[in-house]
Every structure is written in structure tokens, then in C-alpha cells.
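The block underneath contains the structure these notes are about, expressed in C-alpha cells.
The values are calculated or read from the model by the stated rules, or taken from the named source; none is laboratory data. All of these numbers come straight from a predicted model, not from anything done at the bench. Because the Cβ atoms are built from the backbone with ideal geometry, glycine has one as well, and the counts that use them run over all protein chains shown. These area figures cover heavy atoms from the full protein model, side chains too; ligands, DNA and RNA do not enter into them. Shrake-Rupley method; radii C 1.70, N 1.55, O 1.52, S 1.80 Å.
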Amino acid sequence: MTRRTARRIARFVWAVTLALLVVALALPGQSEGWENWIFGGIALLGVLGYATVGVMIASRHPRNAIGWLFLYFGAMLPLTFLSDTYSDLALREDLPGVTVAALANVVSFPLAMTALPLIFLLFPNGALPSRRWKPVAWGVAGFLTLIAIVTLLRPGPLLGYPNIINPLGL
């Protein structure tokens, strides 16, 4: 991938991240009480921090995995926040898509958390300290991805949503 392409992709992901965050914060039900505004402000700063650091590193050093992981984590947080907000709103207001939003919420959080241990493993130069760390990196990423898959395919009600039966449950 050329540096120019990496810059464009990183900026596009950053813009989509900001759009998702704005939509999530603008949904009705988020303005109830000052606690939600404080949480929204903290979430906004956290997402902006991760996504902005990610876009800066990824656009300048496209081969450094740290920038892409920061950008990924920053993009997954508003997706989690948006799906959680919409699923709660859809349950209250009887809106369509509540099952899809609840599934996205249940799966997106463990997938987002996959980036954090990898960031610590790859810090500071985007590479593992030695080849011996490869099984650890694969194990961490595989374990957290397996959690998301098991959660997605778990029969019965969705975690955190006792009224919604998992349509993908086996």
C-alpha cells in the first residue's frame, strides 16, 4: 500500500468514526440526566484521542501497526456506543432493527477490546519484541475473537438483552 493510499484510508476511517460518534450522541435518550452528558463527553474525548492518534500514525507510518490498531479501536468504540444506544431506544420505542443493533452491541465490544493488548504488545515501533511473542499475540487476538464468535452463536437470549432471543444461536 502506498503512503498516499494509507493516508486516504486512515482519514476516511477517522471521518466515519466521527460521524458514528455524532450520530450516537445525537440519538434521543442520551440527554436524560447530566450523568449521560458526562459519559458522552468522556466517550467523545476518548474516541477522538484514539482515532486522532491512529490517523496521525497510520497516515505518516503506514507500516506501523500501532496507528492502525489505535484507529481500529477508535472506530469500534462509537460502533459499540451507537449499537447500545439504538438497541435501548428501539426496545423502548418499538423501532425496527433492535435485534441487529443488539447483536452488533454484543459482538463489537469484545472485538474492540482485541486491539488493546495488541497495542501493548506492539508498542513502541509496531513490531513484537521478538519472534517468541508471536504465539502470545495470536493467542490474545484469537481468544478475544473467539469470545465474540461464541457470544454471537450462543443460543438463548442475548447477553444484556433478556427479551431478545439470539437469531444466530446454535
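Taking the stretch 8-30, which residues are open to solvent by 70 Å² or more (accessible area, probe 1.4 Å), at pLDDT below 90 and either among the β-branched types (Val, Ile, Thr) or closer than 23 Å to SER59 by Cα (or both)? Don't jump to the end; show me each part of the working.
We begin by selecting, within the stretch 8-30, every residue open to solvent by 70 Å² or more (accessible area, probe 1.4 Å); these are 8-9, 11-12, 14, 22-23, 26, 28.
Filter once more, so that each one left must be at pLDDT below 90: 22-23, 26, 28.
Listed by number, the residues that qualify are VAL22, VAL23.
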Could you list all residues from the stretch 83-96 that are free of Cβ contacts under 8 Å to residues at least 24 places away in the same chain and either closer than 15 Å to THR114 by Cα or open to solvent by less than 40 Å² (accessible area, probe 1.4 Å) (or both)?
-> ALA90
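Tell me, which helices (runs of 4 or more DSSP H) wholly within the stretch 79-170 include 1 or more residues that are among the small types (Gly, Ala, Ser) and under 21 Å from ALA24 (Cα atoms)? Before you say what the answer is, go through the steps one by one.
Numbers: elements: 98-113, 115-122, 134-153.
Filter on the stretch 79-170 gives 98-113.
Against the condition touching a residue at least 60 places away in the same chain (Cβ under 8 Å), surrounded by 15 or more Cβ atoms within 10 Å (Cβ to Cβ) and touching a Ser or Thr at 6+ places or on another chain (Cβ under 9 Å), how does ASN105 come out, does it pass?
Details: touching a residue at least 60 places away in the same chain (Cβ under 8 Å): no; surrounded by 15 or more Cβ atoms within 10 Å (Cβ to Cβ): yes; touching a Ser or Thr at 6+ places or on another chain (Cβ under 9 Å): yes.
No; evaluated as a whole, the condition is false for this residue.
Just for the stretch 148-168: of the residues that are in contact with a strand residue (DSSP E or B) (Cβ under 9 Å, 6 or more places away or on another chain) and farther than 11 Å from VAL106 by Cβ, which one is modelled with the highest pLDDT? Talk me through it step by step, then tell me what you get.
Just the residues of the stretch 148-168 that are in contact with a strand residue (DSSP E or B) (Cβ under 9 Å, 6 or more places away or on another chain), to begin with: 151, 155-158, 163-166.
Among the residues that remain, those that are also farther than 11 Å from VAL106 by Cβ are: 155-156, 163, 165.
Working: PRO155: 90, GLY156: 87, ASN163: 83, ILE165: 85.
Selected residue: PRO155.
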Is it fair to say PRO162 is under 19 Å from ILE66 (Cα atoms) and not aliphatic (A, V, I, L, M)?
-> no
Residue identified as under 29 Å from GLY126 (Cβ atoms) and surrounded by fewer than 20 Cβ atoms within 10 Å (Cβ to Cβ) among THR52, THR80, THR99 = THR52
Taking ALA58, is it touching a strand residue (DSSP E or B) at 6+ places or on another chain (Cβ under 6 Å) and either at negative phi or at pLDDT below 85 (or both)?
-> no
Hey, does the stretch 124-139 have a residue that's modelled with pLDDT of 85 or more and under 17 Å from PHE81 (Cβ atoms)?
-> no
